[in-house]
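J.: The structure follows.
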Amino acid sequence: MFVCRYEFKGDHYVMRAKPPFDDWFDWTKSWTDLKKTKTDFFLATNATFIASQISPGLNHFEPWVLCLQSELREGFVKKAQAQAPILSFIPDETMLQAIKAGLLEAPVVEQPLKTDDETLGGKVTYWTFYKYMVRLGGEPLEERCPNLGLPGQ
């Protein structure tokens, strides 16, 4: 949110006059409206829109924002898919009529897959952030805890 809500003025950062996503902080909104607003952002596929919200002077964070938003979007989609009941097959209209008439068995509904809310099924982890945040503005960033290593190292 920092890269969208603030801009660099002189030698410090100040909040933009009308920052994007300001309604995220509007306590008068209902939880339903707030959820829709945030969901729209996290599920957005329009990279141009997302990039246009980044404040001038902070645009070197754009790759981070786009990549991490994409990972969050994939995680939310993965979670929604995992929570949906799975039919062993999808009946067409003729099959539905035969099922109602008792001529066919109804399709088996399998239990939805499980995903964890903490990492959205492994899409959002420390390592997800790490792999995108090792460079800023084309320059490598200093790794302060190199002994952590990446998974598998």
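J.: Can you tell me which residue is least open to solvent (accessible area, probe 1.4 Å) among those in the stretch 1-28 that are in a strand (DSSP E or B) and touching a residue at least 12 places away in the same chain (Cβ under 8 Å)?
T.: Per the stated criteria, the residue is E7.
J.: If we keep just the residues of the stretch 103-136 that are over 18 Å from E74 (Cβ atoms) and open to solvent by less than 60 Å² (accessible area, probe 1.4 Å), which is modelled with the lowest pLDDT? Working first, answer last.
T.: The initial filter retains those residues of the stretch 103-136 that are over 18 Å from E74 (Cβ atoms), namely 103-111, 134-136.
Filter again for open to solvent by less than 60 Å² (accessible area, probe 1.4 Å), leaving 107, 134, 136.
On the way: P107: 64, V134: 82, L136: 81.
Result: P107.
J.: Just to be sure before I move on: is R144 modelled with pLDDT of 65 or more, surrounded by 10 or more Cβ atoms within 10 Å (Cβ to Cβ) and not acidic (D, E) in the structure I sent? Reasoning before the result, please.
T.: Working: modelled with pLDDT of 65 or more: yes; surrounded by 10 or more Cβ atoms within 10 Å (Cβ to Cβ): no; not acidic (D, E): yes.
It is false that R144 is modelled with pLDDT of 65 or more, surrounded by 10 or more Cβ atoms within 10 Å (Cβ to Cβ) and not acidic (D, E).
J.: A further question follows. Of all residues in the stretch 34-58 being in a helix (DSSP H, G or I) and of a type in the set (S, T, N, Q), which is farthest from F76 (Cα to Cα)? Give the derivation first.
T.: Step one: of the stretch 34-58, the residues in a helix (DSSP H, G or I) are 34-42, 47-52.
Within this subset, residues satisfying the condition of being of a type in the set (S, T, N, Q) are 37, 39, 48, 52.
Details: T37: 14, T39: 9, T48: 20, S52: 23 Å.
Among those residues, the one meeting the criterion is S52.
J.: Please list, ordered by first then second residue, the pairs with beta carbon atoms under 6 Å, 6 or more apart or interchain, first in the stretch 29-44 and open to solvent by less than 80 Å² (accessible area, probe 1.4 Å), second of a type outside the set (A, V, I, L, M).
T.: T37/D23; F42/R73; F42/F76; L43/R73
The values are calculated or read from the model by the stated rules, or taken from the named source; none is laboratory data. Computed from a prediction, not measured in an experiment: that's the story for all the values here. Cβ sites come from the backbone with ideal geometry, for glycine too, and all protein chains shown count toward neighbours. With ligands, DNA and RNA removed, areas are computed over all heavy atoms of the protein, side chains included. Shrake-Rupley method; radii C 1.70, N 1.55, O 1.52, S 1.80 Å.
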